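Below is one structure, written out as structure tokens, with a few remarks after it.
The values are calculated or read from the model by the stated rules, or taken from the named source; none is laboratory data. Computed from a predicted model, the values in this text were never measured in an experiment. Heads up, the Cβs are rebuilt from the backbone with ideal geometry, glycines too, and the neighbour counts pull from every protein chain shown. All accessible areas refer to the heavy atoms of the entire protein, side chains included, with ligands and DNA or RNA removed. Shrake-Rupley method; radii C 1.70, N 1.55, O 1.52, S 1.80 Å.
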Amino acid sequence: MQLDAKIPAGNLESKWTRHKFDMKLVSPANKRKKKVLVVGTGLAGASAAATLAELGYQVEAFCYQDSARRAHSIAAQGGINAAKNYQGDGDSIYRLFYDTIKGGDFRAREANVYRLAETSVQIIDQAVAQGVPFAREYGGLLANRSFGGAQVSRTFYARGQTGQQLLLGAYSALSRQVGCGAVALHTRSEMLDLVVHEGRARGIIVRNLATGKITRHVADAVVLATGGYGNTFYLSTNATGCNVTATYRAYKHGAGFANPCYTQIHPTCIPVSGDHQSKLTLMSESLRNDGRVWVPKAMGDKRSPTSIPEDERDYYLERKYPGYGNLAPRDIASRSAKEACDSGRGIGDSGLGVYLDFSAAISRLGKSVVEERYANLFQMYEKITDENPYETPMRIYPAVHYTMGGLWVDYNLESTIPGLFVIGEANFSDHGANRLGASALMQGLADGYFILPATLSHYLASNSLPSVSADAGAFTEGQAAVEARIHKLFSIQGSRSPNSFHRELGLLMWEHCGMARDKAGLEKALQKIPELREAFWQDLRVTGTGEALNQQLEKAGRVADFLEFGELMCRDALSREESCGGHFRTEYQTEEGEAKRDDEHYSHVSVWEHQEGRAPVMHKESLAFENVKLATRSYK
Amino acid sequence: MMSISSFYRSSVGCKVVMALTGLGLVGFLCAHLAGNLLVFKGPEAMNHYARSLRDYLPILWVLRVGLVGMFMLHIASAIRLTQLNRKARPVEYAKKKNVQSTISSRTMMLSGTVVLSFVLYHLAHLTFRWTHPEFQELGDFDVYQMLVMSFHSPYVAFFYCLSILLLMSHLHHGIVSLFQSLGLYHGGLQLVIRMAGAGLSVLLAAGFLSIPTAIFCGWIGL
Amino acid sequence: MKVRLHVWRQPSSNAPGKMVQYDAPNISPAMSFLEMLDLVNEGLVEKGEEPIAFDHDCREGICGTCSLMINGVAHGPSEATTTCQLHMRSFRDGEDIYIEPWRAQAFPVLRDLVTDRSSFDRIMQAGGFVSVNTGGVPDANAIPISKVDADSAMDAAACIGCGACVAACKNASAMLFVSAKVSHLALLPQGQVEGSMRAKAMVAQMDQEGFGACTNTKECEAVCPKEISVSSIARLNREFLKASVESR
């Protein structure tokens, strides 16, 4: 596997501008003859499909949801970063670039991150022109708020629904193109395989989830915008339908998978309430501005929180990180919560939770101020837990939230399979080992609106792509393989539901490849996952038929892929013998319990290549830092 | 500008027609009630009013045609929208609860139909005098006597009162609704329109009901 | 706690459906309504029966995928709540719960409780956008927008497109949905440029899809999980009227 990142020469600031000029263009007449498939209609997919269609390409877009508007980008709450410096507080493209590289614990490519920061300013302009109702000041100009990991206010937001509003912007642009016939949109359609013909990605095999019909789609290039793989853990803040199938199928066809072990655990989620739990709900990070995190000092203290006196409480974040206190970055706050619970001081019935207490803020600011700031979040919390956070502290616990790893792509967002482009959370490119808040929306839209349309045009202009028929061998084989797999799932006729296997995998992954990992645990997981997979293929029961809407079948196919992918995550986590960002190996920590990076040996991207019937092979793309100096993150 | 037919064909346009004709009919009701209340001033005043209407015959005819036109349009739109609405939900719920809609808003077709049948009877009764041939013997403009005589019949009085109550229900929803359909129901106006709608529908009904009540109590007689 | 479910079962669009009764014992009041259905489904799979199909995705009240008419109310008894955020503590022990799909000509049932809401998408495709291409747009702060307008636009834009308004309306009218989108864009200068075209095109598509007409009963507003106000319907009517009499 050749890993050429194709980073343009020249200084950091001019790379993208130069590259845009150097790339070839497709003439308008020829654009009409080129077809692109875009899988996924979240921020990245919808913006890419819309923009490509505006440029004149034929586009087919696919999503498993019943409407393109429901992709999971919709759930992002906080905001989107952009180096507009509207607040005049010293922000700049370079500062956003630096914060993002540092926040990612120096495990991302400089050139990509700089381009992201550079593009961020255009995204806001585009979104406003589409009618995205960002928050405004009384003077009529855009408002900003600050977010974790930054010292400037550069986050644009639309109440607590920034993701929804940005997605509706991209979806409306997409709808416009569907309306004028430039995009053929296939909803309730799940990509089940990639078709590689003569070494290039030339199409996909899709199952219509409403009718069960399997179809082949041929194109000149394929774009995957299929999101992250957080649901490998079963419980995460992802939508229940989010899955790894599209990217994992591409991996099996030879696309390199980069840094699969990088997962982000968000510190403030509502704790699990029982075995029935199907999903975890995030409470915005902004709550930590006024809430104080604590656990009882004594082990197993089951008194009600309000009856535990002040001097018997351990405000552990304030104690350990006096500089940042409750606003320590996500990975650090999450790990500290786990430590507290591991030491037997966790709260709630399960002992897996810590308090987020607003009583100090309420007595300092008054209830009305707290209400003004967080009323909707408090309301949501009360709806789910039936507890009133004005009176009793919130219970929170970390949960899987985002995955920084993804398919490896070069500077042009092209994977190791020519013609297969990967954008948004599905690729690995910009967040390194830890993503800062409000950066995911930025990356999805930068890729979709601005970067991919330019680089994809270059690909289409510089390669001769002879037309392929849907009857070509690779397509017939692809469809046959998909059908055979569905048949196999039905034919097991065992006793367990797909969901039960997923839940079991999730527990394994959380235990051994979650917030803290170690060699022994990962090795154990690597032994247990294949056993579970074996059980899956022996004892699975899928009811109904494949020729109709069948949610059990959908789930079974996704779980089958999670069961293989989980192993890859553990393998990657085992091979990275350092701690960085969201990847914390307990063997590699400082005396104070902080992550210990090993820049000498691990300043690289780990890229995994699938081998049929054998263990995957790891390749390395080493990361060169020419503009920033590698430093240890300290939040003391 | 949109052609009138395509405007009317759209559901929103049809609702606008419904609203405008409704507004016109409310206006007619107000005028009609004002005339009727002259009954309390005695036969002279009332019959004089009826007679003097004839002095402006061309205007009266324009008003009559306009009124009938509005009525027909109102009914035609109602029928059209009801058909559309029935088609929009071919399968009913096994169980359905209403959270905030009022009964009057859900029974507009029923209240409207009863009011319509009353209006038809009312015309046959007093205008054309088909149902009560004995009225033919009265003078052309002895409206007062016709009115008082009619309400001596318990059936007529009952039907009249029922219709007026349903008319009140119809107006209670209709007046607010027409402002909503015309896009005028917003901001600070909402409260004003809601109060005015409720107030006007109650006042109109009270006005119309006062006549049979007065006759029943013997405050007005022949 | 335990509850008794009466669920609409229909194998496919064309097949007839019926209400079927299921007992759901061992329910925890902390469960969400959908988790309760998950549990019932697990039981059905174990018995080799086909589980109940229902739409769901984010399970945090924002994607608009979940639907369900619960005891005759869209999204169930809690105010401003989607079905996925409804919890079993809102029900009594031993309660009978009726679960039906959204009922509308324009939302045909695909299976059991799953309906096809693509009619909403087609309404959006007809005009629910601002016609700007990527790139070449002015600076985001070039046009100041009053905070009041921006906030009102946001109120309307909060619509998640779940279809509860249609389900609750006695006429299966989509006016609250369409008006939310029209209002969102009509309140912003960016959207006003093609405001007339948008209002006419979206209303025309709405009618073509077979939704009923609005009779202003306001039932939609009561069940909307995002509390979209019917004053947006007034705004749509106004926009439509304005568009109809314009000389352009």
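Values for this structure:
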| read-out | value |
| --- | --- |
| In Å, descending, principal axis extents of the Cα set of the protein assembly as shown | 116, 74, 64 |
| DSSP H segments from chain B that extend 15 Å or more along their own axis, Cα-based, with Kyte-Doolittle mean of -1.0 or above | B:11-36, B:57-88, B:108-122, B:154-181, B:189-216 |
| Hz values of 3J(HN,Hα) by residue in segment A:196-206 - Karplus curve (6.51, -1.76, 1.60), Gly and Pro given as x | 10, 10, 6, x, 10, 6, 10, x, 9, 10, 10 |
| Rough spin-label spacing in nm, given labels placed 7 Å along Cα→Cβ, for residue A:492 and residue A:467 | 4.3 nm |
| Degrees separating the helix A:162-179 axis from the principal Cα axis of chain A, which is the longest one | 20 degrees |
| Segment C:10-87 shape via C-alpha gyration tensor axes, a/c threshold 1.5 | oblate |
| Efficiency of FRET from Cβ geometry, residue A:589 and residue A:625, R₀ 30 Å, rounded to 0.05 | 0.85 |
| Where N is the number of residues in chain C, Cα Rg divided by 2.2 N^0.38 Å | 1.13 |
| Area of residue A:6 that stays accessible when all protein chains are in place (1.4 Å probe, Å², to 10) | 90 Å² |
| Principal semi-axes in Å for segment A:415-493 [√(5λ), Cα gyration tensor, largest first] | 32, 24, 9 |
| MRE, 222 nm, helices only [DSSP H, n ≥ 4, -39500 (n - 2.57), over chain A, to nearest 500] | -11000 deg cm²/dmol |
| 222 nm mean residue ellipticity, helices alone, for chain B (DSSP H n ≥ 4; -39,500 (n - 2.57); rounded to 500) | -24500 deg cm²/dmol |
| Of all accessible heavy-atom area on segment A:545-636, the percent that carbon and sulfur account for (1.4 Å) | 44 percent |
| 17 Å reach of a label modelled at residue A:379, 7 Å along Cα-to-Cβ, counting backbone N of segment C:43-61 | C:60-61 |
| Chain C: angle of helix C:118-127 to the longest principal axis, Cα-based, in degrees nearest 10 | 10 degrees |
| For segment C:56-183, the Rg and Dmax computed from alpha carbons only, in angstrom | 17.7, 61 |
| Heavy-atom accessible area, 1.4 Å probe, ligands and nucleic acids excluded: residues of segment B:76-98 down by at least 40 Å² from chain alone | B:85, B:88, B:89, B:91, B:93, B:94, B:95, B:96, B:97 |
| Whole-number percent relative contact order across chain A, with pairs defined as alpha carbons under 8 Å at least 6 apart | 20 percent |
| Added length on full extension, which subtracts the Cα-Cα distance from 0.36 nm per residue, residue C:49 to residue C:90 | 11.9 nm |
| Coordinate range along principal axes, alpha carbons of segment A:473-622, Å, largest first | 57, 36, 24 |
| Using alpha-carbon coordinates, inclination of helix C:231-245 to the longest axis of chain C, degrees | 40 degrees |
| Rounded Å value of the spacing that divides the Cα centres of segment C:130-193 and segment C:111-129 | 17 Å |
| Relative contact order (%) - criterion: Cα under 8 Å, at least six apart; region: segment A:329-473 | 17 percent |
| 222 nm mean residue ellipticity, helices alone, for chain C (DSSP H n ≥ 4; -39,500 (n - 2.57); rounded to 500) | -10500 deg cm²/dmol |
| Label point distance in nm, residue B:113-residue C:26, each placed 7 Å from Cα along Cα→Cβ | 5.2 nm |
| Largest to smallest principal axis extent of the C-alpha atoms in chain A, angstrom | 74, 62, 48 |
| Qualifying chymotrypsin sites (Phe, Trp or Tyr not before Pro) for segment B:42-94 [loop in DSSP, other Cβ within 10 Å: at most 15] | B:56 |
| Shielded by partner chains, segment A:155-175 residues - at least 20 Å² of accessible area, 1.4 Å probe, vs chain alone | A:159, A:161, A:164, A:165, A:168, A:171, A:172, A:175 |
| Sites residue A:511 and residue A:632, calculated FRET efficiency, Cβ-Cβ separation with R0 35 Å, nearest 0.05 | 0.75 |
| Percent of beta bridges antiparallel (DSSP, the protein assembly as shown, rounded to nearest 5) | 70 percent |
| Size of the B/C contact, given as accessible area buried on both chains, probe 1.4 Å, in Å² | 3600 Å² |
| Sites matching chymotrypsin sites (Phe, Trp or Tyr not before Pro) across segment A:104-207 that sit in DSSP coil, with at most 12 neighbouring C-beta atoms within 10 Å | A:138 |
| For segment A:266-400, alpha-carbon Rg relative to the globular expectation (2.2 N^0.38 Å, N residues) | 0.97 |
| Surface per residue (accessible, 1.4 Å probe) for the protein assembly as shown, Å² | 37 Å² |
| Additional length obtainable on full extension of the chain from residue A:310 to residue A:29, 0.36 nm per residue less Cα span | 93.8 nm |
| Relative contact order for chain B, counting Cα pairs under 8 Å that sit 6 or more residues apart, in percent | 29 percent |
| Percent carbon-and-sulfur accessible area, chain C, ignoring ligands, DNA and RNA, probe 1.4 Å | 49 percent |
| Minimum 40 Å² accessible area buried by the other protein chains, segment A:55-86 residues, probe 1.4 Å, relative to alone | A:66, A:69, A:70, A:74, A:86 |
| Sites residue B:155 and residue B:195 - FRET efficiency at Förster radius 35 Å, r taken between beta-carbons, to 0.05 | 0.45 |
| Apportionment of accessible area to carbon and sulfur, chain B, percent (1.4 Å) | 72 percent |
| Chymotrypsin sites (Phe, Trp or Tyr not before Pro) restricted to DSSP loop in segment C:28-95 with at most 16 other C-beta within 10 Å | none |
| Antiparallel content of DSSP bridges confined to chain A, in %, to 5 | 70 percent |
